[in-house]
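Engineer: What follows is a structure written as structure tokens; I'll ask about it next.
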Amino acid sequence: MKYFASIMLLTAASLQASAVVDKNFDYHVDRFADIEVLRYEVPEFDRLTPQQRIMVYYLSQAAQAGRDIIWDQNGKYNLQIRKLLENIYTNYSGDKNSKDYKAFEKYLKQVWFGNGIHHHYSTDKFVPEFSIEFFNTQVAALPDTMLPLNEGETREELVATLTPVIFDPTVMPKRVFQDGSADVVLNSASNLYGDGVTQEEVEAYYNAIKVPNDPEPISYGLNSRIVKEDGKIKEEVYHLNGLYGPAISKIIYWLDMAKSLAENDAQKAYITKLIDFYITGDLKLFDEYSILWAEETEGDVDFVNGFIESYGDPLGMTGSWESYVNFKNQASTKRTETIASNAQWFEDNSPVDSRFKKDKVKGVSAKVINAAMLAGDAFPSTAIGINLPNANWIRAAHGSKSVTLENITEAYDMASHGNGFNEEFVIDNATSKLMDDYLYITDMLHTDLHECLGHASGQLLPGVDPDALKENGSALEEARADLFALYYLPDQKLIELGILDNPEAYKAEYYKYMLNGLMTQLNRIEPGKDIEEAHMRNRQLIAAWILDKGKKDKVVELVKKNGKTYVKINDYKKMRDLIGQLLAEIQRIKSEGDYQAGVDLINKYAVKVDPKLHKEVLDRFATLDIPPYRGFINPILQPVYGDTGEIIDVTLVYDEDYPQQMLRLSNDFKTLGY
Ligand code: ZN
């Protein structure tokens with residue numbers, strides 16, 4: 001699971017809280033469409049030994065070597081389109097101020113950000129604003145050697161294939177189609193399923209191979225593409241000698257280099273197991289790797305590299321390829337260690353029915369990290385927290401590793417400073433002040449509690465299918481983790497543990513949560529559309545449920561001031577009670593596998609948008625010019641060579657702009673053709 005930043009705010013006080021901020025660091029890199037591209041700083045890199053820094057470099061190479069995989073997973077024409085667009089971009093000699101060129105440049109930047117032709121978040125296809133004539137003229141200007149042709153493909157065929165894919169809104173309109181009214185596999189444009197494969201066929205295929213009542217099930221479909229050949233369904237497995245083999249061989253090479261510098265035997269063991277998994281594609285080995293990885297907590301350097309999160313698959317099975325390379329943030333890890341070491345107390349004291357609680361919360365490890373390289377599905381848009389492995393039985397038996405990406409969160413905050421958000425949306429100065437003083441720490445704590453405790457808490461009743469909630473499973477799971485975190489933010493326990501110093505601090509996060517869930521996250525939704533993404537559904541579900549259930553007592557209200565709508569929280573204590581009630585109910589739904597109750601909650605609160613309020617939010621945001629989405633370019637990890645050509649150290653360089661970095665990656669890490 002991963003955890004995203006909401007669109008928020010920043011404050012002077014929160015900045016002071018940070019020990020390692022370089023005031024002169026330039027976070028802003030690029031701005032286009034609904035996107036802002038930032039860069040992040042990597043603090044504490046200097047405290048690593050040269051050997052650790054070289055290991056980080058090797059892992060970063062392994063991360064970037066997988067880039068083409070996510071592009072191909074996201075759509076079967078993406079790599080070809082990327083190459084064509086990049087060649088037009090570098091070959092272009094016309095007027096760079098022309099309307100068509102500007103629109104083309106914007107489109108290419110969007111495609112880079114989406115790792116393909118669909119928006120990374122809405123998964124809707126981008127709409128090019130340049131003309132087909134401009135496109136044709138630019139393709140015609142390219143010599144044959146600069147055309148990304150498949151074997152035997154002509155220039156005319158290339159244009160005939162790609163023109164509708166780029167320009168026709170009815171062709172491949174959505175990468176992840178989740179509307180249950182139609183076949184979600186047939187209607188999704190991603191490349192996780194081959195042409196003509198239906199949802200029914202996929203479900204029948206897996207039902208036939210799943211071992212019933214297996215206490216340790218593999219993650220079926222995690223590393224494969226389902227295709228139909230001669231009318232028969234088969235799996236094309238991602239591995240060294242299978243699908244994506246050329247990219248995987250490069251990943252293996254760099255993992256092997258990193259392994260030679262491993263900090264301890266446990267680390268070496270999990271890297272070895274990961275390599276074995278990449279060689280064979282055997283999901284049993286992936287589970288063995290996941291266990292070794294989850295249990296290794298001593299090393300400074302760590303990484304994720306593989307087919308991990310399944311948000312990109314409408315059936316939630318196949319993992320999108322991603323990588324995070326990171327090392328411990330020493331200063332902040334202490335905080336999450338304190339929370340994790342008290343996991344049992346939080347479990348025992350939660351407002352959940354005792355039948356649904358774990359007697360023993362196992363191995364909740366937590367640390368705060370600095371990202372040093374983001375790649376695949378985690379780039380340019382990235383999570384701020386991750387909690388892995390995803391397999392339920394591994395989490396139950398061996399625990400999970402939960403990390404907060406401190407330097408990413410910090411970059412978000414730094415870049416948001418003074419953007420006018422608080423002035424526009426927060427109801428009064430007192431609430432603004434509270435958020436100035438406490439939102440940074442309570443936001444961090446919310447992420448910690450969500451990842452370290454929320455996802456790890458609770459248990460299923462015996463015999464309940466972990467997938468019983470089906471298409472609502474992700475949203476309800478995120479709601480469960482968020483509610484667990486929200487429930488404990490006001491708790492005296494956090495003061496006792498020395499994590500918070502003010503019993504009122506939680507109000508900053510409560511206010512932000514209601515504001516975001518009821519109003520400001522709507523900035524990410526196009527007019528007339530429903531809410532689809534699991535984290536957004538979760539946030540609206542919680543906020544709208546509290547608003548509704550608290551109506552009688554006026555716990556929270558939407559009020560009008562000068563024609564504008566504001567969130568007004570009248571009773572924070574009662575709001576916490578409501579949070580506890582909803583947590584208990586969603587835990588019951590999960591523990592009992594009560595599919596219908598999940599459907600009812602989601603349909604009533606999480607999906608529909610009030611069009612009038614939606615329009616108001618969009619209009620108010622429009623006056624602020626705050627980008628709804630942000631992501632990052634990476635620093636360059638620059639090897640330092642010794643006299644005999646060996647790498648003796650690694651330094652960080654931050655001087656690239658967005659197109660430079662994208663073109664360099666396309667050139668240096670080209671593994672799957674073109
Ligand atoms: Zn989560």
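Engineer: Can you go through Gly473, Gly454, Gly458 and tell me which one is within 11 Å of the ligand (Cβ to nearest atom) and touching a helix residue (DSSP H, G or I) at 6+ places or on another chain (Cβ under 9 Å)?
Structural biologist: After applying the criteria, what remains is Gly454.
Engineer: For Ala189, state whether it is within 19 Å of Gly312 (Cα to Cα) and either surrounded by 18 or more Cβ atoms within 10 Å (Cβ to Cβ) or in contact with a Cys (Cβ under 9 Å, 6 or more places away or on another chain) (or both).
Structural biologist: yes
Engineer: Provide a single number: the residues in the range 537-552 that are in contact (Cβ under 8 Å) with a residue 60 or more places away in the chain and either more than 16 Å from the ligand (Cβ to nearest atom) or open to solvent by less than 40 Å² (accessible area, probe 1.4 Å) (or both).
Structural biologist: 7
Engineer: Right, next: Across the range 423-479, what is the total count of residues that are touching a His at 6+ places or on another chain (Cβ under 8 Å) and either β-branched (Val, Ile, Thr) or over 28 Å from Lys357 (Cα atoms) (or both)?
Structural biologist: 0
Engineer: Turning to a different aspect of this structure: Just to verify a result, which residue in the range 476-528, among those that are of a type in the set (A, V, I, L, M, F, W, C), more than 16 Å from the ligand (Cβ to nearest atom) and part of a helix (DSSP H, G or I), is surrounded by the most Cβ atoms within 10 Å (Cβ to Cβ)?
Structural biologist: Filtering first and then ranking leaves Ala508.
Engineer: What are the residues in the range 418-442 that are free of Cβ contacts under 8 Å to residues at least 12 places away in the same chain and either among the basic types (Lys, Arg) or surrounded by 17 or more Cβ atoms within 10 Å (Cβ to Cβ) (or both), if any?
Structural biologist: Ser432, Lys433 - these are the residues of the range 418-442 that are free of Cβ contacts under 8 Å to residues at least 12 places away in the same chain and either among the basic types (Lys, Arg) or surrounded by 17 or more Cβ atoms within 10 Å (Cβ to Cβ) (or both).
Engineer: Tally the residues that are surrounded by fewer than 18 Cβ atoms within 10 Å (Cβ to Cβ), under 21 Å from Ser224 (Cβ atoms) and of a type in the set (D, E, K, R), restricting the search to the range 260-293.
Structural biologist: 3
Engineer: Looking only at the range 97-123, filter to residues that are more than 26 Å from Lys670 (Cβ to Cβ) and without any contact (Cβ under 8 Å) to a residue 60 or more places away in the chain; which one of those is surrounded by the fewest Cβ atoms within 10 Å (Cβ to Cβ)?
Structural biologist: Asn97
A quick yes/no check of all residues on (1) of a type in the set (S, T, N, Q); (2) within 24 Å of Tyr311 (Cβ to Cβ); (3) not in a helix (DSSP H, G or I):
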{"residue": "Pro128", "(1), (2), (3)": "no, no, yes"}
{"residue": "Gln138", "(1), (2), (3)": "yes, no, no"}
{"residue": "Leu158", "(1), (2), (3)": "no, no, no"}
{"residue": "Gly180", "(1), (2), (3)": "no, yes, yes"}
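Engineer: Pick out, from the range 596-654, the strands (runs of 3 or more DSSP E) lying fully within it that include 2 or more residues that are open to solvent by less than 30 Å² (accessible area, probe 1.4 Å).
Structural biologist: 629-633, 636-641
Engineer: Among the numbered criteria (1) small (Gly, Ala, Ser); (2) over 27 Å from the mean Cα position of the chain (by Cα); (3) within 30 Å of Met172 (Cβ to Cβ); (4) modelled with pLDDT of 95 or more, which single criterion is violated by Ser260?
Structural biologist: (3)
Engineer: Looking only at the range 435-475, count every residue that is assigned to a loop (DSSP other than H, G, I, E, B) and closer than 30 Å to Gly498 by Cα and tell me the total.
Structural biologist: The total comes to 5.
Engineer: Considering Ala415, Ala396, which residue is open to solvent by 10 Å² or more (accessible area, probe 1.4 Å) and within 30 Å of Asn223 (Cβ to Cβ)?
Structural biologist: Selected residue: Ala396, the only one of Ala415, Ala396 that is open to solvent by 10 Å² or more (accessible area, probe 1.4 Å) and within 30 Å of Asn223 (Cβ to Cβ).
Engineer: Among the residues of the range 155-188, write down those that are more than 24 Å from Arg225 (Cβ to Cβ), among the small types (Gly, Ala, Ser) and modelled with pLDDT of 95 or more.
Structural biologist: Ala160 - this is the single residue of the range 155-188 that is more than 24 Å from Arg225 (Cβ to Cβ), among the small types (Gly, Ala, Ser) and modelled with pLDDT of 95 or more.
Engineer: Restricting attention to the range 275-297, which residues are over 17 Å from Ser400 (Cβ atoms) and aliphatic (A, V, I, L, M)? If you could, list the steps in order and put the result at the bottom.
Structural biologist: Here is the first cut: in the range 275-297, the ones over 17 Å from Ser400 (Cβ atoms) are 275-285.
The answer is Ile275, Ile279, Leu283, Leu285.
Engineer: Output the residues belonging to the range 548-577 that are in a strand (DSSP E or B) and of a type in the set (Gly, Ala, Ser).
Structural biologist: none
Engineer: Does Gly180 satisfy being of a type in the set (Gly, Ala, Ser), under 17 Å from Asp313 (Cα atoms) and open to solvent by 60 Å² or more (accessible area, probe 1.4 Å)?
Structural biologist: So Gly180 passes the test.
Engineer: For the range 368-393, which positions are small (Gly, Ala, Ser) and either open to solvent by 10 Å² or more (accessible area, probe 1.4 Å) or away from the ligand (no atom under 16 Å from the Cβ) (or both)?
Structural biologist: Hits for the range 368-393 are Ala371, Ala372, Ala375, Gly376, Ser381, Ala391.
The values are calculated or read from the model by the stated rules, or taken from the named source; none is laboratory data. These figures come from a predicted structure and were not determined experimentally. Note: ideal-geometry Cβ built from the backbone for every residue, glycine included; neighbour counts use all protein chains shown. Calculation scope for accessible area: heavy atoms of the full protein, side chains included, ligands and nucleic acids excluded. Shrake-Rupley method; radii C 1.70, N 1.55, O 1.52, S 1.80 Å.
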